[in-house]
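The values are calculated or read from the model by the stated rules, or taken from the named source; none is laboratory data. Here the structure is a predicted model, which means the values were calculated and not measured. No Cβ is skipped: glycine too gets one built from the backbone with ideal geometry, and neighbour counts run over all protein chains shown. What goes into the accessible areas is simple: the full protein's heavy atoms, side chains included, and nothing from ligands, DNA or RNA. Shrake-Rupley method; radii C 1.70, N 1.55, O 1.52, S 1.80 Å.
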Amino acid sequence: MKILLVAVNAKYIHSNPAVYSLASCCRERARGGSLHRDGVEVPAPETEIAEYTINQQTSRILADIYDRKPDVLMFSCYIWNRREVAGLIRDAKSVMPDVDIWIGGPEVSFDAENILKTLPEARGIMRGEGEDIFCRLAALYSACGEKKRLPVRGELERVEGITFRDGETVVSCDEPQKCVDLDALPFPYEKSEGPENRIIYYESSRGCPFRCAYCLSSVDRTMRFRDVEKVKDELRIFIDSGVPQVKFVDRTFNCERERALDIWRFLAENDNGVTNFHFEIAGDILGDEELALLGSVRPGQFQLEIGVQSTNGRTLEEIRRNADLKRLGENVAAIKRAGNVHVHLDLIAGLPYEDYGSFSRSFDDVFAMGSDQLQLGFLKVLSGTPMEEKRDTYGIKHTAEPPYEVLKTRWISYEDIIKLKGVEEMVEVYHNSGQFGNSLALLMGHFAGPFSFFEALAGWYEDAGTAMVNVSRNARYERLLAFAADMLSGHDLEEFVTAMIFDYYMRDNVKSRPEFFGAERVEKSFSKTFYSIEAREHRYLSGGRYDTDDPRLLRKLTHLEKAGGRYYLFDYEDRDPLNGNARVIKIEERIYLERHTDLT
């Protein structure tokens, strides 16, 4: 009996922790003799994991699933992959009619009966936390043995937490009496299988102490934590393996202050110089001790994601998000001053009592906090949340299909949503990419605020009839320069071009100079003189790969550029660990001009 756990991820670099947890839990219980059917021990069925992405052709995914010859298919379903999963289920049933198909995940847990009525190809749905449910279902299928007899209604009715189909009838079983004990769950990633070259997702707690009206965590009112020593042992596996990034999926990692400090100290003391750890936290409850610790870790070791969502007091009250915005701003400023932790702040458009003007003020308030990234998201009206219950009160209209994204409310029109979509795109391309820091800082000084700037840039794109689909890096620079040329002139425009040249070469060692930067460029004779002297005297470059007397190698590893009549050297061996920007060195050109007089 072979069960195939299928994950359809948003991107290749992502992985699905749920399928790994289900598989490892089933195997662990079988090894411990605790996988039973009607009190009789049964062996673990063959359990295999298959991960795909929503960007793959469904025909290729289906073909791969078919080639794996499963007896049971189980899909992990979320708002961002529901359409793809539904299509795969229908097609899989067509080519594998004898295979039972189950679905699990937050997108199907709160409306299971209706989903089964609209998706008759599925046998059933696992609602809520899946480890215990999956193990009980796996035991039923394992007991079918070589005959591969599928479980019948009487057997399935004894599995708490499922909704299943029996002919034309849909049956919902009772909810489990207790939540899953996190300490009873095995480490989900075995050495023989794991999401190589992908983000590792790790869970040290479930539930959330906050009750935000738009979030499914508001439905789960129980906070549970995995034993801290067990967490440390498992994190050590990631550290010893040198995985690039571990993302904690805990809803509010620092809700238990001492526990968060303990884990952060452990990671700081056992840093391998490579692995990055990402945490979703409440920024306003950080204390001085946490800030001091965060300020001491290796640059780039930690990333913090903080959901601000809005700075409108009436809105925050309505969505039951009671944050101390003043303290939050102070804490983010303290983290940014330390300069070693990447900070990601979130905003949500379409919340109650937030109109276009109010959102623009929220945007400016959050942007002023100085985050490395600002995620401008749009309200998703999730099934089972308080927001869904009050959508008529708020006049919310949302898309009929997943991700159920807001289209309009009593306070914001669809026209406004369209404009905010344009702002979102500009923020993602020009701010969140981290490639235009100097350029944006200079341009924003000519606008009333950050929102006004991004709004104007989005409007310029719209008027120019340009789109941001598959646009090259050079085209993004060229378009921003064209926008600036419409706004600036004279010295201001020259200063902007210099800032843009810095941005362009700080990120990548590009040897060619785009024509849109103008005619000014480094003279070949100056470049030859500079690298020849540098190879002998090492005035600016020394140590490591620069410990050479070969001018050609130094030229290959660095870039020499001219801007505003001055020469600058870009050192790509010395990059900022947070944003990847190269070190920039202003060249005192006098000595090179003296030794090569034909340049004077």
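Above 42 angstrom, tally the Cα pairs of the chain and express them as a % of all pairs, no decimals.
34
From the phi angles alone, apply the Karplus equation (6.51, -1.76, 1.60; θ = phi - 60°) to region 331-344 and give each ³J(HN,Hα) in whole Hz, x where the residue is Gly or Pro.
5, 5, 4, 5, 5, 5, 5, 5, x, 10, 10, 6, 10, 10
Using only Cα atoms and rounding to the nearest 10 degrees, what angle (0 to 90) does helix 450-464 make with the longest principal axis of the chain?
Here the helix axis deviates by roughly 90 degrees.
Which aspartates and glutamates, if any, have their Cα less than 16 Å from the Cα of LYS69, not counting same-chain residues under 8 positions apart?
The qualifying aspartates and glutamates are GLU46, GLU48, GLU51, ASP91, ASP98, ASP100, GLU146.
From the Cα trace of region 248-401, what convex hull volume per residue do you get, rounded to a whole Å³?
About 122 Å³ per residue, rounded to a whole number.
If R0 is 60 Å, what FRET efficiency do you get for LYS524 and PHE187 from their C-beta distance, rounded to 0.05?
The computed FRET efficiency comes out at 0.55.
Give me the aspartates and glutamates in straight-line cross-link reach of LYS326: C-alpha distance below 14 Å, same-chain residues under 8 apart excluded.
LYS326 reaches ASP284, ASP365.
Pulled fully out, how much extra length does the chain show between GLU48 and ALA338, if you take 0.36 nm times their separation in residues and subtract their Cα-Cα distance?
Working it through step by step, the gained length comes to 99.9 nm.
How much accessible area per residue does the chain have, counting only protein heavy atoms and a probe of 1.4 Å, in square angstrom?
About 45 Å² of surface per residue is accessible.
Any idea what the dipole of region 427-564 comes to, in debye rounded to 20, about its Cα centre with Lys/Arg Cβ at +1 and Asp/Glu Cβ at -1?
760
Might you report the magnitude of the Cβ-based charge dipole of the chain about its Cα centre, with Lys and Arg at +1 and Asp and Glu at -1, to the nearest 20 debye?
Using only the charged Cβ atoms, the result is roughly 720 debye.
Grab the beta carbon distance between THR393 and VAL471, set R0 = 41 Å, and tell me the FRET efficiency rounded to 0.05.
Step by step, r from the Cβ atoms, then E = 0.50.
For the charge dipole of region 273-426, defined by +1 on Lys and Arg C-beta atoms and -1 on Asp and Glu C-beta atoms about the Cα centroid, which residue among HIS398, GLN301, LEU345 has the Cα displaced farthest towards the positive pole?
Comparing the listed Cα positions along the dipole, HIS398 ranks first.
Can you list residues from other chains, or at least 5 along the same chain, whose modelled amide H is less than 5 Å from the amide H of TYR202?
Long-range HN contacts for TYR202: LYS247, PHE248, VAL249.
Quick one: length gained pulling GLU168 to LYS586 fully straight, 0.36 nm per residue minus the C-alpha distance?
142.9 nm
Suppose R0 equals 51 Å; then what is the FRET efficiency for LEU553 and ARG361 from their Cβ-Cβ distance, rounded to the nearest 0.05?
That gives a FRET efficiency of 0.45.
Reachable lysines from LYS421, Cα under 26 Å, same-chain residues fewer than 8 places away excluded?
Hits, sequence-local ones excluded: LYS11, LYS380, LYS390, LYS397, LYS408.
Packing-wise, with mean Cβ within 10 Å as the measure, how do 164-177, 335-348, 571-584 rank, highest first?
Listed from highest to lowest mean packing, they are 335-348, 571-584, 164-177.
Work out the length of the dipole vector of region 284-360 about its Cα centre, built from +1 on the beta-carbon of each Lys and Arg and -1 on the beta-carbon of each Asp and Glu, and round it to the nearest 20 debye.
220
Positive end of the charge dipole of region 243-386 (Lys, Arg +1 and Asp, Glu -1 on Cβ, about the Cα centre): tell me which of ILE335, SER383, GLY313 has its Cα farthest that way.
The Cα lying farthest towards the positive end belongs to SER383.
Hand me the trypsin sites (Lys or Arg not before Pro) from region 514-551 located in a DSSP loop with no more than 15 other Cβ atoms within 10 Å, in residue order please.
The qualifying sites are ARG521, ARG539.
Roughly how many percent of the accessible protein surface of the chain is carbon and sulfur, given a 1.4 Å probe and a whole-percent answer?
47
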